[in-house]
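Q: Structure below; questions to follow.
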Amino acid sequence: MTSICVIGYPSTYGGAGTELDHQITCWRLMGVEVHIIPTEEIDDKQRALRVDKRGCILHGVRDWSACEGLDVIAYCNGCFIASLPEIRQYARSTTFAGCMTYPFDQEIEACKAGLIDFSLYQTRHGMELNGMVNKPRQAVVVQPFFDCSQFPMVHRPDDYFGFCRVSRDDPAKYSRHTMRIYSEFKSPVPKSGCILGWSDKVGDIGQCPPYVTCYPPGSFPASKVYAVSHCLIQPQACNENLPRVGMESVSSGCVPIVDNRGGWKLLVEHGVTGYLIGSPDEYIEVCTEVAHNPAK
């Protein structure tokens, strides 16, 4: 039987954590034996993922000896990078799926020291962005697995216009024009917005309209947000690699209205499966058009 050892733990939000969760589903469907070594104590939300019930073998926190003779992989996990000298004493090989946009300083040093055997990227532009500092290791572009069953298609009523944004509470995830866009686009029916991924860390991006409700990241499953939202309206400051929320929203039937750059361009066919937007004024124009034309 093929075996793999995950360093870290899946989660219900955040690109790396959710990608790992879906990838574990894929590995188990393939008959791969999955070992998991958490890098910190798991919380109730992580425990609810029930990896043991999915056939995974769960080991103690940072019990590196459990990866003896196994191929090891981690998804954007700083503790993995910091612990590589110890992990390498046991692991057969080490693979790292890093940050969507930039390598960690410690990652670069670990790469130069030959502690990372393989580097995984979800997109070619992501590999090219980081690849210049990753020459000592073998870089591979892979298509990430997405489990559509977690985000079933939902049909929503047209007596309101629901919209949302879903992310971590990272300031780079938020365009400074977000609240202006939400406030200024017009709708013939009441607007109802939801932001899942809000905290004081986001900073000042304008006053939140009264019809928009904000929740801390991971407060509840993102599927609940998409189920009541007609559109994902998500202007951002950063250049996304391959945003998982794009896959989630489309699977749910929630139309993405997003930036015309980065990984969004790989996920959205403009005017067919969503809208790719180049400016705040264009966001307002397209959101208004869609709100007035439910058939879109």
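Q: Along the charge dipole of the chain, pointing to its positive end and built from +1/-1 on Cβ of Lys, Arg, Asp and Glu, which listed residue (Leu58, Gly114, Phe80) has its Cα farthest out?
A: Leu58
Q: Let me ask you something else. Computed from the coordinates I sent, Kirkwood radius over Cα pairs in Å equals one of (i) 23.4; (ii) 19.5; (iii) 20.3. Tell me the label.
A: The calculated read-out lines up with (iii).
Q: A further question on this structure: What residue among Gly274, Gly114, Gly263 has the largest mean-square fluctuation in a Gaussian network model of the chain, using Cα springs under 10 Å?
A: Result for the chain, Cα springs under 10 Å: Gly114 fluctuates most.
Q: Take Trp264, Trp27 and sort them by solvent-accessible surface of the protein heavy atoms, 1.4 Å probe, largest at the top.
A: Order by accessible area, largest first: Trp27, Trp264.
Q: Per residue, what volume in Å³ does the convex hull of the Cα atoms of the stretch 166-296 enclose?
A: Dividing the Cα hull volume of the stretch 166-296 by its residues yields 96 Å³.
Q: Using the Karplus curve 6.51 cos²θ - 1.76 cosθ + 1.60 with θ = phi - 60°, what ³J(HN,Hα) values do you get for each residue of the stretch 273-287, in whole Hz, with x for Gly and Pro?
A: Values, residue by residue: 10, x, 9, 9, 10, x, 7, x, 5, 5, 4, 4, 5, 5, 4 Hz.
Q: Ok, one more. Find the centroid of the Cα atoms in the stretch 38-109 and in the stretch 11-25, then give the distance between the two in whole Å.
A: The stretch 38-109 and the stretch 11-25 have Cα centres separated by 13 Å.
Q: Another one. From the backbone phi of the stretch 201-208, what are the Karplus-calculated ³J(HN,Hα) couplings (6.51 cos²θ - 1.76 cosθ + 1.60, θ = phi - 60°) in whole Hz, Gly and Pro given as x?
A: 5, 4, x, 8, 10, x, 7, 6
Q: Contact order normalised by length for the stretch 5-128, with contacts defined as Cα pairs under 8 Å and 6 or more residues apart; what percent is it?
A: 22 percent.
Q: If you don't mind, there's one more thing I want to ask. If ligands, DNA and RNA are left out, what is the accessible area of Thr2 with a 1.4 Å probe, given in Å² to the nearest 10?
A: 90
Q: What residues have an amide H closer than 5 Å to that of Gly193, excluding those fewer than 5 places away on the same chain, when H is modeled at 1.01 Å from N in the peptide plane?
A: Result for Gly193 returns Phe163, Val212, Thr213.
Q: Quick check on the stretch 18-153: take the gyration tensor over C-alpha atoms, sort the square-rooted eigenvalues as a ≥ b ≥ c, and tell me if it's rounded (a/c under 1.5), prolate or oblate.
A: oblate
Q: Restricting to Cα pairs below 8 Å that are 6+ residues apart, what does the relative contact order work out to for the chain? Please round to a whole percent.
A: 14
Q: How much accessible area does Asp71 have with a 1.4 Å probe, in Å² rounded to the nearest 10?
A: Counting only protein heavy atoms, Asp71 exposes about 50 Å² to solvent.
Q: Let me ask another. Want the number for Arg261 to Ser219: 0.36 nm per residue separation, take away the alpha-carbon distance, what's left?
A: Length gained between Arg261 and Ser219: 12.3 nm.
Q: Out of the stretch 229-296, which GluC sites (Glu not before Pro) are coil in DSSP terms and have no more than 12 other C-beta atoms within 10 Å?
A: Glu269
Q: Still on this structure, I have one more. With every atom except the alpha carbons ignored, what do you get for Rg and Dmax of the stretch 1-43, in angstroms?
A: 10.5, 31
The values are calculated or read from the model by the stated rules, or taken from the named source; none is laboratory data. Values in this document were obtained by computation on a predicted structure and should not be read as measured data. No Cβ is skipped: glycine too gets one built from the backbone with ideal geometry, and neighbour counts run over all protein chains shown. Accessible surface areas use protein heavy atoms only, side chains included; no ligands, DNA or RNA. Shrake-Rupley method; radii C 1.70, N 1.55, O 1.52, S 1.80 Å.
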